[in-house]
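Heads up: the structure comes next, in structure tokens.
The values are calculated or read from the model by the stated rules, or taken from the named source; none is laboratory data. Every value quoted in this text rests on a predicted model; they were computed, and no experiment measured them. Positions of Cβ are backbone-derived with ideal geometry, glycine not excepted, and every protein chain shown enters the neighbour counts. Accessible surface is based on the protein model in full, side chains and every heavy atom, while ligands, DNA and RNA are left aside. Shrake-Rupley method; radii C 1.70, N 1.55, O 1.52, S 1.80 Å.
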Amino acid sequence: DYEQAMQEYQKIVEQAPNPYALQASFQIANSHALLEQWDEAIERYQALLLTETISPEVGTDIMLKLAFCYEQVEQFEDALKLYQKIQSAPANAEKTDTALLERKIERVKDAIKESKKSPAAVDWRRR
């Protein structure tokens, strides 16, 4: 049960500082995303990106998840910026599936074009 898990993770976060608070916050954000609570997930992922103690690998993972959430709420420009940031980071060159990232970028670019043509006609999720 994701709701119960989020409550337990929140208890860990509230006991901060502790070595598990960052991971617990990440799991809360993931739980919101799995429950399709996009706004809450976005808020949590954004807060995590402001944390100075995250590693570049974790930062990349957070950005990928945040970009996906942006896509779900049709904030395509924000998603595109994150995907491009990930793509341009030298630290990600060997660790990121570049072909998959390029497909995500193209998908978002297509969604942006479609939304400019007819905002009601965006059906980018079929790709």
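Details
- For the range 31-38, the count of residues that are among the aromatic types (F, W, Y) and within 20 Å of F76 (Cα to Cα) is nonzero.
- Filter result for Q23 (open to solvent by 20 Å² or more (accessible area, probe 1.4 Å), in a helix (DSSP H, G or I) and touching a residue at least 12 places away in the same chain (Cβ under 8 Å)): no
- Hits in the range 108-127 (condition: surrounded by 15 or more Cβ atoms within 10 Å (Cβ to Cβ) and modelled with pLDDT under 85): V122, W124
- The residues of the range 44-76 that are under 19 Å from E14 (Cβ atoms) and either in contact (Cβ under 8 Å) with a residue 40 or more places away in the chain or exposed (fewer than 14 other Cβ atoms within 10 Å of the Cβ) (or both), listed by number, are A47, L50, T53.
- Top-ranked residue of the range 26-42 - restricted to ones that are of a type outside the set (A, V, I, L, M, F, W, C) and at pLDDT 95 or above, ranked as most open to solvent (accessible area, probe 1.4 Å): E36
- Residues located in the range 1-16, provided they are in a helix (DSSP H, G or I), charged (D, E, K, R) and open to solvent by 100 Å² or more (accessible area, probe 1.4 Å): K11, E14
- Whichever residue in the range 76-107 is over 21 Å from F26 (Cβ atoms) and outside any helix (DSSP H, G or I) and, among such residues, is modelled with the lowest pLDDT: A93
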